[in-house]
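Chemist: Okay, handing you the structure first.
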Amino acid sequence: MALSARSILDVSDLNSDEVFFLLKETKKLKEQAKPHGVDFSQNLSKSVALMFFEPSTRTRTSFEMAAFRLGLRVLNFSVNESSVKKGETVFDTAKNIEALKPDAMVVRHGGSGIPYKISQLIKIPVINAGDGFHAHPTQALLDAYTIWERFNDFKNLEILIIGDIAHSRVARSNIKCLKMLGAKITICAPPTLIPPFAQAWGVKISHNLDEVIAQANVVMSLRMQLERQSSYQVPSLKEYSSLFGITFERLKAIRKDAIILHPGPVNRGVEFISAVFRDERSKVMEQVSNGALMRSVLLSEVMGVPR
Ligand code: CP
């Protein structure tokens, strides 16, 4: 597969053959059943810089675990202890980290497009770990893997994405990825949380969760991203949760053979009642485990190291 030395900035950097290759390789890695990876000494001559300018639990730790699994050295950059706090720009920061000679850079930033600009400034591959509202390609890949693991195909699958579509890089990358793989997508949210240009995405749009929840094979709730909303775009979280949250009644309405996903972090009581975590259809923790495996495969392909 020709991913070697390529930057992965969004799902559109991959074609469907490349996505299916990554899914199949992730499955093989999972079947090896080596939770912490392989020979730690094999690739210690290569290193990856993890550049998180915005908070993260799942993405940062799973890239770190993925790097451990491959025997890579990890250079962890923490924005709060960096010279960004003294006014250094993100681009000068990236150039300085590149000067330390890591072999790849993983970048998360609150500004849409920042990983793109960094990839134009430096010579090593950049993997986008989430930028602003824009893209989160590795989340889309791990979600696609979690869906494929359960259904083995995407054709004719009905995927329902619920919630804060307007501010969600996860929704944007998932829609691109799942449409490319052949799934049918419905987005469901209050009108204030669906951007006007969503009409052009080739998805169904609903504002009534109870009309669409029972048909879905995959129910994906998104976090309400209050930190990205310029003003409250729903009258109250209580009202949002009563209209768009997974309640006991809605849990009963979801198909018995469906799966329930959430990229995390979950606002308990807003997107989900806590019982969703205990429901056997919930794959929320499986998504996290799958994320480390998928990122191992991606890093190994981009960096040209064995797995
Ligand atoms: N899903 C996701 O990106 O979670 P984090 O923000 O914790 O990395």
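The values are calculated or read from the model by the stated rules, or taken from the named source; none is laboratory data. Predicted, not measured: the structure shown is a model, and the values here were computed from it. Reconstructed Cβ throughout: ideal geometry from the backbone, glycine too, with neighbour counts over all protein chains shown. Side chains are part of the model used for accessible areas, which takes the heavy atoms of the whole protein and leaves out ligands, DNA and RNA. Shrake-Rupley method; radii C 1.70, N 1.55, O 1.52, S 1.80 Å.
Chemist: Any idea which residue in region 67-87 is farthest from the ligand (Cβ to nearest atom), counting only those that are under 14 Å from Ser300 (Cα atoms) and assigned to a helix (DSSP H, G or I)?
Modeler: So, considering only residues that are under 14 Å from Ser300 (Cα atoms) and assigned to a helix (DSSP H, G or I), the one farthest from the ligand (Cβ to nearest atom) is Leu70.
Chemist: What pairs can you find where one residue is in region 51-66 and near the ligand (Cβ under 7 Å from one of its atoms), the other is assigned to a strand (DSSP E or B) and open to solvent by 30 Å² or more (accessible area, probe 1.4 Å), and their Cβ atoms are less than 9 Å apart, with a gap of 6+ or different chains?
Modeler: Note: pairs meeting the criteria are Arg60/Asn76.
Chemist: So which residues in region 257-281 are away from the ligand (no atom under 15 Å from the Cβ) and of a type in the set (S, T, N, Q)?
Modeler: Once the filter is applied, which keeps residues that are away from the ligand (no atom under 15 Å from the Cβ) and of a type in the set (S, T, N, Q), region 257-281 yields only Ser274.
Chemist: Spot the failing condition for Glu286; the list is (1) within 16 Å of Ile161 (Cβ to Cβ); (2) assigned to a helix (DSSP H, G or I), and only one is missed.
Modeler: (1)
Chemist: So if I check each of Ile118, Ile97, Ile124, which one is at negative phi, assigned to a loop (DSSP other than H, G, I, E, B) and buried (at least 17 other Cβ atoms within 10 Å of the Cβ)?
Modeler: Ile124
Chemist: Let me ask you something else. Of all residues in region 242-281, which are more than 23 Å from the chain's Cα centre (by Cα) and of a type in the set (Ser, Thr, Tyr)?
Modeler: Ser242, Thr247
Chemist: Ok, one more. Would you check if Pro102 is away from the ligand (no atom under 13 Å from the Cβ) and either open to solvent by 30 Å² or more (accessible area, probe 1.4 Å) or of a type outside the set (Lys, Arg) (or both)?
Modeler: Answer is yes for this residue.
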